[in-house]
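Each remark here refers to the structure printed beneath this line.
The values are calculated or read from the model by the stated rules, or taken from the named source; none is laboratory data. Just so you know, these numbers come straight off a predicted model, no measurement behind them. Note: ideal-geometry Cβ built from the backbone for every residue, glycine included; neighbour counts use all protein chains shown. Only protein heavy atoms, including side chains, enter the accessible area calculation; ligands, DNA and RNA are left aside. Shrake-Rupley method; radii C 1.70, N 1.55, O 1.52, S 1.80 Å.
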Amino acid sequence: SRPNITVAEREAYRQMEKRSEARAELFRLAYERLSHLYDSSGDANMKRVEKARILRQLTSDAGLAQDPNNATIIQFRTYDAGRPYFERLYAALGKDMGRMIETLRKVNREDFPKDQAEDWPELLKRVK
C-alpha cells in the first residue's frame, strides 16, 4: 500500500529534487570548464588562477560553505553521468516505475560499450 503523503510533503519533495538537479548541473558545468582549462595550452599559473575563479563561482552559485576540491566535483560527473539516459528511458516507458525496474533487470554488463560507459544510447534502443 502507498504511504499517506500530504500535498505539502509531495511538493516539498519536488522542490528538493529541483534544487538537487540544479546543484548537479552547476557541478557538471564546473567539471566541463575545468576539463577545458586543464586541456588548454595556458601556463600553470594562469590555470591555477582560473581554476580558483571557477571554484569560487561554483561555491557561490551552489551555496557551498567552502570551495570544493577535484574529488568533490568528479563525484558528480561519475555518479550523475547516467541521469539523462535514465530519464529518457523512464519517459519512453510511460513513466511507469514498475516497467522501468523490470526493463533494467534485463540489462547485463555486456549491454554497455565498455566499463564505466558514460554514453549508452544503443542500450536505450535495445531495452525499450
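Taking the longest Cα principal axis of the chain as reference, the axis of helix 83-92 is set at about 30 degrees.
With respect to the chain, whose longest principal axis is taken over its alpha-carbon atoms, helix 70-80 is tilted by about 20°. Here the accessible area of the chain is 50 percent carbon and sulfur, with a 1.4 angstrom probe and all protein chains present. The residues of region 1-92 have, on average, 74 Å² of accessible surface per residue, using a 1.4 Å probe with all protein chains present. In the chain, the DSSP-assigned H stretches of four residues or longer account for a calculated mean residue ellipticity at 222 nm of -22500 deg cm²/dmol, using -39500 (n - 2.57) per stretch and the full residue count as denominator. Among residues other than residue 59 with Cβ under 14 Å from its Cβ, the summed charge is +3 (Lys and Arg +1, Asp and Glu -1). Decide, for region 23-94, between rounded, prolate and oblate: order the square roots of the alpha carbon gyration tensor eigenvalues as a ≥ b ≥ c, take rounded if a/c falls under 1.5, and otherwise choose prolate if a/b is larger than b/c, else oblate. Here region 23-94 falls in the prolate category. Estimated at the nearest 10 Å², the accessible area of residue 53 is 100 Å² with a 1.4 Å probe.
Computed from Cα atoms alone, the Kirkwood hydrodynamic radius reported for the chain is 17.6 Å.
Bridging of residue 125 to lysines at a Cα separation below 20 Å is possible for 95, 106, 114, once same-chain residues fewer than 8 apart are set aside.
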